[in-house]
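Reviewing the structure listed below.
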Amino acid sequence: MPRERTGSIVKRDGKFYARITYTDSQGKRHDLTRRAIDRKDAKRIIKEVLEDVETKGEKAIEASRATFRDLAERYSAVRVKPAEYRNDRKIAGMRDHTTAAGHVRALVEYFGPMKLRDITAGKIEAFKQFRLATPKARGGKERSIANVNRTLTRLRAMFRFAVAEGWLDYSPFDRASTPIISKADEVRRTRVLSREEEARLLEACGPNSPRAHLAPLVLAALDTGCRRGELLYLTWLNLDFTNRQINICAMTTKTLTSRIVPVSARLFAALQRLYNERKNDGLIFGTVGDFKRSWKTACKLAGIEGLRFHDLRATFATRLIHAGMPVEQVAKITGHTQLSTLYSHYIRNTASAVERAASLLDSING
């Protein structure tokens, strides 16, 4: 603990400063100066700093000097690194560490030199507006609220880390008068693939086309509801031909929970053909690379606009629910731990569903 602690108020060029002088346990003298609004505010700062030194020790002073860049470096070293697994469970790191690193870089560009304790909810709100007004680096497209929310979610995690490490007493997110991250403001996609569109898409990935490799992947997404990453990392060991099901390993899922998904007759036939062609390959679909170009070409040839590969997962869930399967059972297959997520993100109203609702209302109303 410091052996000597004093505080004084300094006025320079009409501005007030709180000056704290202390000697640490190693006998080294330190001077800390903080800007104050007025003399009363300077007294408050001196009192708070001296109390921190008394109750929390010298680390409280070190934390008070920490900038956001200091936090980013520490957070990145501890959290933002490739995932490590043991017995099919993640024990450290992140699977999306490259995305997280991009978020951290964007945050450092804005907050970097700021003192952690000077970053308020108001400054975070200002960053939110700045980010929304800044087009994406690639293509110059307008940045969506969902995109900004993902960056803000990373910022919130970093401040929680700072609190856990003793750098802050509380997160500025917890002091906001209204929630800074509002999921309700995000625009939800309502894209579901129709049966007619599906036929055209599979035709564009026909056996004699350069996109033939895409057809079984599209079928798998439509008939299992698996995420892109879950499908691309499937091996033949995950496929149970006898029971016609696929075992999804926990380490490849978003929720780190293993599950079993069914295999439809048409998907089963496609997988059997693949097995006969490349049964010595480790991965079922032969690649974990990017198939964005072939996907865009297939959609263009099929005359389909505004369709993402992830929309096939939404199509799967929507079809099962409209066919009468309980939402809870669909969630087990898709791997959703929160039913609210399934409702808000994946259950879509199709034209046929709306027409069926209208018919039901007519019958009810007589």
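Restricting attention to region 320-353 and to residues that are surrounded by 15 or more Cβ atoms within 10 Å (Cβ to Cβ) and within 21 Å of the chain's Cα centre (by Cα), the residue that is modelled with the lowest pLDDT turns out to be TYR346. No other residue among SER25, SER76, SER64 is at pLDDT 75 or above and either under 28 Å from ARG105 (Cα atoms) or in a loop (DSSP other than H, G, I, E, B) (or both) apart from SER76. Is it true that ALA92 is crowded, with 17+ Cβ neighbours inside 10 Å and either acidic (Asp, Glu) or in contact with a strand residue (DSSP E or B) (Cβ under 6 Å, 6 or more places away or on another chain) (or both)? Criteria not met by ALA92. In region 232-249, the residue that is modelled with the lowest pLDDT out of those that are surrounded by 14 or more Cβ atoms within 10 Å (Cβ to Cβ) and among the hydrophobic types (A, V, I, L, M, F, W, C) is CYS249. Of the numbered criteria (1) at pLDDT 90 or above; (2) surrounded by 12 or more Cβ atoms within 10 Å (Cβ to Cβ), the one GLU196 fails is (2). In region 47-60, of all residues being more than 14 Å from GLU165 (Cα to Cα) and among the aliphatic types (A, V, I, L, M), the one that is modelled with the lowest pLDDT corresponds to VAL53. In the set ILE9, ILE37, only one residue is under 40 Å from the mean Cα position of the chain (by Cα), modelled with pLDDT of 80 or more and not assigned by TED's automatic domain parsing to the domain that holds ARG117; that residue is ILE37. Filtering region 284-327 to residues that are assigned to a helix (DSSP H, G or I) and either touching a strand residue (DSSP E or B) at 6+ places or on another chain (Cβ under 9 Å) or among the acidic types (Asp, Glu) (or both) leaves only ASP311. If I ask for residues that are surrounded by 14 or more Cβ atoms within 10 Å (Cβ to Cβ), modelled with pLDDT under 90 and polar (S, T, N, Q), which ones from region 250-272 would you list? If the condition is that a residue be surrounded by 14 or more Cβ atoms within 10 Å (Cβ to Cβ), modelled with pLDDT under 90 and polar (S, T, N, Q), then THR252, THR253, SER258 are the ones that fit. Restricting attention to region 106-147 and to residues that are more than 23 Å from ARG65 (Cβ to Cβ) and among the polar types (S, T, N, Q), the residue that is modelled with the highest pLDDT turns out to be GLN129.
Using the structure shown, decide if LEU155 is buried (at least 19 other Cβ atoms within 10 Å of the Cβ), more than 20 Å from LYS292 (Cα to Cα) and not β-branched (Val, Ile, Thr). It is true that LEU155 is buried (at least 19 other Cβ atoms within 10 Å of the Cβ), more than 20 Å from LYS292 (Cα to Cα) and not β-branched (Val, Ile, Thr). Against the numbered list (1) at pLDDT below 75; (2) part of a helix (DSSP H, G or I); (3) of a type outside the set (A, V, I, L, M, F, W, C), HIS30 comes up short only at (2).
The values are calculated or read from the model by the stated rules, or taken from the named source; none is laboratory data. Keep in mind that this is a model prediction, so the values were computed, not measured. Note that each Cβ is placed from the backbone with ideal geometry, even for glycine, and that neighbours are counted across all protein chains shown.
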